[in-house]
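A short write-up of the structure that comes next.
The values are calculated or read from the model by the stated rules, or taken from the named source; none is laboratory data. If you're wondering where the values come from, they're calculated on a predicted model, not measured in any experiment. Note that each Cβ is placed from the backbone with ideal geometry, even for glycine, and that neighbours are counted across all protein chains shown. Note: accessible area is taken over every heavy atom of the protein model, side chains too, but ligands, DNA and RNA are not part of it. Shrake-Rupley method; radii C 1.70, N 1.55, O 1.52, S 1.80 Å.
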Amino acid sequence: MDNVAAEQARDALATAEHARRQVAEEVGLPRAYWWVMAAGWLVLGAGGAVLPWWLTTIATVAFGAGHVIFASRLLSGRRRTQQIQVSAAVAGRRIPTVVVGMLFVFVAVTILVALALDAEGTDHASIWAAGMVAAVVGFGGPEILRVVRRWVRA
Amino acid sequence: MTQPKFDELIHPSTRLSLVATLAAVDWAEFAFLKDRLELSDSALSKQLTTLEDAGYITTERRVSGSRRKVRARLTPAGRDAFDGHIAALQAIVGDAARPLSGPAPRS
């Protein structure tokens, strides 16, 4: 230990920190989660346009329940790939809150876009709104989560 | 509080990266470690064997479909050694940053 200079020790600490950061970059949800979410969004949007309101409500509740049952293990953000399981200490506890918060924002955006399109007289406004948000969720979900994590330091 | 304990086995750069990576995960597969550490199969195997012989990690061989996969995880002894080593490195850096003690020069 006496032979190790401070500069060497600093480099070693930087190496260890770099390794930890590389693992932290792996925190997130599997790509398939975002695609399933996007598909669900689209189906519910289409349902809202063609089904009676009570059936759409049941479908939405069922989708939410399915999300709770099947995705709850994923929401920790520790199993984005099948190659590693990030430790709870590195992933932190705020990823589920961040993801659920994102979903609430997406719901709000869908409603606002649908109302705006409807006000302009667009046919099937809910389908168009759901389609737009579904595309954002499917293509940009992982990236949006990464940015939001950085903002809220989760 | 972790006792600082410099660990010669962990200190080499590649091994430190490997142990630091494993300290941040519950487990990692061989392919992930190989990719992130940019090591060949044989080089990574050698490092894992060294750490396994020291009791710092365990490896587990699994069959997934037609492929065999190796999973590595840090043992409690490995985690203690890593934490102690990091504490020792921090102590070295801290000592170097501390001003030398002694009487202040008179003007």
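Counting only alpha carbon atoms, the long axis of helix A:6-24 and the longest principal axis of chain A meet at about 20°. Averaging the Cα positions of each part gives two centres, and for region A:9-77 and region A:78-154 these lie 8 Å apart. Pull out a ≥ b ≥ c, the square roots of the eigenvalues of the alpha-carbon gyration tensor of chain A, then state rounded if a/c is under 1.5, prolate if not and a/b is larger than b/c, and oblate in the remaining case. Because a/c hits 1.5 or more and a/b exceeds b/c, chain A counts as prolate. Shown in residue order for region B:59-74 are the 3J(HN,Hα) couplings computed by the Karplus curve 6.51 cos²θ - 1.76 cosθ + 1.60 at θ = phi - 60°: 10, 9, 9, 10, 9, 10, x, 9, 10, 9, 10, 10, 10, 10, 9, 7 Hz (x for Gly and Pro).
With springs connecting C-alpha atoms under 10 Å apart, model chain A as a Gaussian network and identify which of A:Gly131, A:Gly66, A:Gly45 has the largest mean-square fluctuation. Result: A:Gly66 has the largest fluctuation of those listed.
The residues of the protein assembly as shown have, on average, 59 Å² of accessible surface per residue, using a 1.4 Å probe with all protein chains present.
Taking loop as defined by DSSP and a crowding limit of 14 other beta carbons within 10 Å, which chymotrypsin sites (Phe, Trp or Tyr not before Pro) in region A:1-74 fit? Of the chymotrypsin sites (Phe, Trp or Tyr not before Pro), not one in the loops of region A:1-74 has a Cβ with at most 14 other Cβ atoms within 10 Å.
Give the cross-link partners of B:Lys69 among the lysines, using a straight C-alpha distance below 23 Å as the criterion and excluding same-chain residues fewer than 8 apart. Partners within reach: B:Lys34, B:Lys46.
For region B:1-98, applying the loop criterion from DSSP together with a ceiling of 14 other beta carbons within 10 Å to the GluC sites (Glu not before Pro) yields B:Glu8, B:Glu38. Note on the protein assembly as shown: dipole from Cβ charges, positive end direction compared against B:Leu22, A:Trp41, A:Gln22; the farthest Cα belongs to B:Leu22. DSSP loop GluC sites (Glu not before Pro) in region A:1-104 with at most 15 other Cβ atoms within 10 Å of their Cβ, which ones? In loop regions of region A:1-104 (DSSP not H, G, I, E or B), the sparsely surrounded GluC sites (Glu not before Pro) are A:Glu25. The simple Förster model, with R0 at 35 Å and r as the Cβ-Cβ distance, assigns A:Asp123 and A:Thr97 a FRET efficiency of 0.40.
Among the aspartates and glutamates, which fall within straight-line cross-link reach of B:Lys5, defined as a Cα-Cα distance under 16 Å, with same-chain neighbours fewer than 8 residues apart omitted? Of all the aspartates and glutamates, those that pass the test against B:Lys5 - Cα under 16 Å, at least 8 places apart if same chain - are A:Asp2, B:Asp80, B:Asp83, B:Asp95. For B:Val25, the residues whose modelled amide H falls within less than 5 Å of its own, excluding neighbours fewer than 5 places apart on the same chain, are A:Ser87. Quick one: if the Förster radius is 35 Å, what FRET efficiency do A:Ala49 and B:Thr75 give, using the C-beta to C-beta distance and rounding to 0.05? Once rounded, the FRET efficiency stands at 0.05.
Where only DSSP H runs of four or more residues are counted, chain A gives -25500 deg cm²/dmol as its mean residue ellipticity at 222 nm, each run worth -39500 (n - 2.57). Shape annotation for region B:27-93: C-alpha extents along the principal axes are 48, 24, 17 Å, from largest to smallest.
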